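For reference, the structure is listed below as structure tokens.
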Amino acid sequence: MTATVVLADDEAIIRLDLKEILIEAGYQVVGEAGNGEDALALIEAHQPNLALLDVKMPKMTGLEIAAKVAGGSTAVVLLTAFSQREMIDEARNADVAAYLVKPFRRNELLPALANVLQRVAEDRAFAVEVGELGLAAEDKLETRRIVDQAKALLEDHGMSEADSFSFIQRQAMATRQRMRDVADQVLSGTLRP
Ligand SMILES: [Mg+2]
């Protein structure tokens, strides 16, 4: 599935740069904006997987937008300039998936976005599992902890992070077990890809 993105920065050159990197990497840029109000409207209209938002923009800051779309289907990645030290601290505390300090490089931007999408996919899978099994919040955390351990083990055996997660997820669906039970089998060595 192609991930959709809305990007917003009041500096046209940065939008241009971002857009080029994203399209080249296979992302679908569904909207771009030069101010916060337009960015929010685009996010609401398109419900993209990702919103890349400059912190300091006219009309509405990236942080304000992040607060408005929190809990929705869009993961927010904030862009801050290194000089905006206090913004960086705020971004760190805000409900955002990641923040990047400008000027960023292609080889930090793309892995950061891949990581965000991976976490979103896992959160969704865990939410489905918790919903279906009626698990309590602490069980969800425990599930997550064990699955993370199993993933780390699979990664030690040369699997990518995304592959190791989808292996556990697919195995659970195919055998009608909980992800946690599959992860236990991976950790005890009774199950190998
Ligand atoms: Mg700006």
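FYI, it's all coordinate maths here, none of it is from the lab. The shown structure was predicted, so the numbers you read here are calculated from the model rather than taken from an experiment. FYI the Cβ positions are ideal-geometry reconstructions off the backbone, even for glycines, and counts take in every protein chain you see.
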Margin query: Residue by residue through segment 156-165, what is 3J(HN,Hα) from phi via Karplus (6.51 cos²θ - 1.76 cosθ + 1.60, θ = phi - 60°)? Round to whole Hz and write x for glycine and proline.
Written below: 4, 8, x, 7, 6, 4, 5, 5, 5, 5
Next item on the list: Subtract the Cα-Cα distance of L141 and E86 from 0.36 nm times their separation in residues, and report this length gain in nm to one decimal.
Entry: 16.6 nm
Item checked: Cα-centred dipole magnitude for segment 2-88, charges only on beta-carbon of K, R (+1) and D, E (-1), debye, nearest 20 -> 200 debye
Notebook entry, point to check: Expressed in nm to one decimal, what extension gain is obtained for the pair S188 and E132 from 0.36 nm per residue of sequence separation less their Cα-Cα distance?
Noted result: 17.6 nm
Check: Can you run phi through the Karplus equation (6.51, -1.76, 1.60; θ = phi - 60°) for segment 177-191 and list ³J(HN,Hα) in whole Hz, with x for Gly and Pro?
Finding: 10, 6, 4, 4, 5, 4, 4, 4, 5, 5, 5, 7, x, 7, 10
Next item on the list: Order by neighbour count: M179, M159, fewest other Cβ atoms within 10 Å first, most last.
Entry: M159, M179
Next item on the list: Starting with the highest mean, order 34-47, 133-146 by the number of other Cβ atoms within 10 Å, averaged over the residues of each peptide.
Entry: 34-47, 133-146
Notebook entry, point to check: Add -39500 (n - 2.57) for each DSSP H run of 4 or more in the chain, then divide by its residues: what number comes out at 222 nm, to the nearest 500 deg cm²/dmol?
Noted result: -19000 deg cm²/dmol
Checklist line | Relative contact order [Cα under 8 Å, 6+ residues apart], the chain, whole percent | finding: 13 percent
Next item on the list: Note down the nm distance, to one decimal, between modelled labels 7 Å out along Cα→Cβ at M159 and at Q28.
Entry: 2.9 nm
Checklist line | Additional length obtainable on full extension of the chain from A152 to I13, 0.36 nm per residue less Cα span | finding: 46.1 nm
Next item on the list: Just the Kirkwood number for the chain, please: inverse of mean 1/r across all distinct Cα pairs, in Å, one decimal.
Entry: 18.0 Å
